[in-house]
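Read through the structure below, which is laid out as structure tokens, and then see the notes.
The values are calculated or read from the model by the stated rules, or taken from the named source; none is laboratory data. Keep in mind that what you see is a predicted model, and the values were worked out from it rather than measured. Here the Cβ is made from the backbone with ideal geometry for all residues, glycine too, and neighbour counts use every protein chain on show. What goes into the accessible areas is simple: the full protein's heavy atoms, side chains included, and nothing from ligands, DNA or RNA. Shrake-Rupley method; radii C 1.70, N 1.55, O 1.52, S 1.80 Å.
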Amino acid sequence: MSIIEILRLNLLSPMVLSFVLGIIAVRVKSDLKIPEQVYTIISIYLLFAIGLKGGFDLARSSLANFWGAALISILLGALIPVWSYWILRNFVDKADAISIGLHFGAVSAVTLSACITFLNEAGQSFEGFMPTMYVIMEIPAVAVGLMMASRALGDTKQGLPSVLKSALSGKSFLLLGGGVIIGYISGEPGYQQVAPFFVDLFSGFLTLFLLEMGTQVGRKLRDVLDVGMPLFIFSIVMPLIHGVLGVALSTMVGLSVGGAMILGTLAASASYITAPAVVTTNMPKANAGLALTAALVITFPFNLTVGLPIYFELATIFANIF
């Protein structure tokens, strides 16, 4: 399929259309809202399902390219906050530059979910260990961001070991990492037991989750006006650059088209869950709302609607080059 056809299919998918419906619901002042408890349950389901599916695939696949993918994830996670800071400090203050860089170095579990669904619908397989790259990329991003804040601002109320321990015990890490381990240990028998719920229903739960995400973005649309054009451009251009880097490097170390797309998508994504919590707790001088608007209201919709088809097409092109 051409990039235009891939883009059309993605834009007309139930996921994207539900996301748009959520935005429209807010703009017309509808009372549509998924209860917070239900939203939490769905988020737990998505994270655990990604981990389990990754573990089942890992049990069936080889670890031949794992270390190459892990090295790329560590490097990108550590370097994205650094070069983002050097760019951002030209149009926002130092604290906000570090904060936004941390958000863009960290990753989005929902964007990862959308990427996996995209690949499944496209019939494109990927390496079973790829979901673990979420954890491997996010840890160095948070660590580097906090070290930069400590050195440049004298911030960070907690020590780095304490922050990393808190992050590793957080919901996202535990569900993704634990899911991978459980899926790997239980193998094919375990897959047969839980596939009807954790595999077959995944797209439906993600579509419902994105409906609520749309309402969250809709409520924050006005905040885009406070971001300013330079940061708006950064929030679109830099994810594209990070996506290209992730896809190209992944292909060079031998990952499949699907694996390269996942790593490129992770590199292109920005965190609006873990990173805001870290910044709010440890960087009081930063405007947490500015970084959250860039990550959630600009970068996330861009990746969901336009970015995924681009990263898929790039992975296909690079696979034929390298």
Original post:
Given C-alpha coordinates of region 218-322, what is the ratio Rg to Rh with the Kirkwood estimate of Rh?
Top reply: 1.06
Original post:
What does the accessible area of L7 come to, in Å² to the nearest 10, when a probe of 1.4 Å is used?
Top reply: 50 Å²
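For region 2-58, state which trypsin sites (Lys or Arg not before Pro) are in a DSSP loop and have at most 12 other beta carbons lying within 10 Å of their beta carbon. Write out the running numbers ahead of the final one.
Values: sites: R8, R27, K29, K33, K53; in loops: K29, K33.
Here the trypsin sites (Lys or Arg not before Pro) that fit, given the DSSP loop and packing criteria, are K29.
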**OP:** Would you work out what percent of the accessible area of region 176-222, with all protein chains in place, is carbon or sulfur (probe 1.4 Å)?
**Re:** 66 percent
**OP:** Could you please state how large a percent of the accessible area of region 58-127 is carbon and sulfur, counting protein chains only and using a 1.4 Å probe?
**Re:** 62 percent
Original post:
Along the charge dipole of the chain, which of I181, I321, T280 sits closest to the positive end, that is, farthest toward it, with unit charges on the beta carbon of Lys, Arg, Asp and Glu (+1, +1, -1, -1)?
Top reply: T280
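Quick one: pull the percent of accessible area on region 240-322 belonging to carbon and sulfur, 1.4 Å probe, ligands and nucleic acids left out. Walk me through the numbers on the way to the answer.
On the way: 1730 of 2400 Å².
On region 240-322, the fraction of accessible area on carbon and sulfur atoms equals 72 percent.
Given a 1.4 Å probe and heavy atoms of the protein chains only, how would you sort L263, L9, largest accessible area at the top? Let's see the in-between values first.
Working: L263 0, L9 80 Å².
Heavy-atom accessible area, descending, gives L9, L263.
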Original post:
Measuring from the lowest to the highest alpha carbon on each principal axis, how far does region 1-124 reach, largest first, in angstroms?
Top reply: 46, 41, 38
**OP:** Using a 1.4 angstrom probe, figure out how much accessible area the chain has per residue, in square angstrom, rounded to the nearest whole.
**Re:** 42 Å²
Original post:
Taking a 28 Å limit on the Cα-Cα distance, which of the listed pairs K171/K285; K171/K220; K94/K171; K33/K171 fall beyond it?
Top reply: K94/K171
Original post:
Taking a probe of 1.4 angstrom, what is the accessible area of F322 in Å², to the nearest 10?
Top reply: 120 Å²
Original post:
In whole angstrom, how far apart do the alpha carbon centroids of region 170-239 and region 262-322 sit?
Top reply: 12 Å
Original post:
Fully extended, how many nm does the chain gain between D226 and I44 (0.36 nm per residue separation, minus their Cα-Cα distance)?
Top reply: 62.3 nm
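Given a Förster radius of 35 Å and the C-beta distance between F322 and Q37 as r, what FRET efficiency does 1/(1 + (r/R0)^6) yield to the nearest 0.05?
E between F322 and Q37, to the nearest 0.05, is 0.15.
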**OP:** With no solvent and one equal point scatterer per Cα, compute the Debye intensity ratio I(q)/I(0) for the chain at 0.08, 0.14 Å⁻¹ and report its log10, rounded to two decimals.
**Re:** -0.33, -1.09
Original post:
Assuming a viscosity of 1.002 mPa s and a temperature of 20 °C, what translational diffusion coefficient in µm² per second does Stokes-Einstein assign to region 163-254, Rh being the Kirkwood radius over Cα pairs?
Top reply: 122 µm²/s
Original post:
Rg to Rh for region 1-45: what is it, with Cα atoms only and Rh by Kirkwood?
Top reply: 1.14
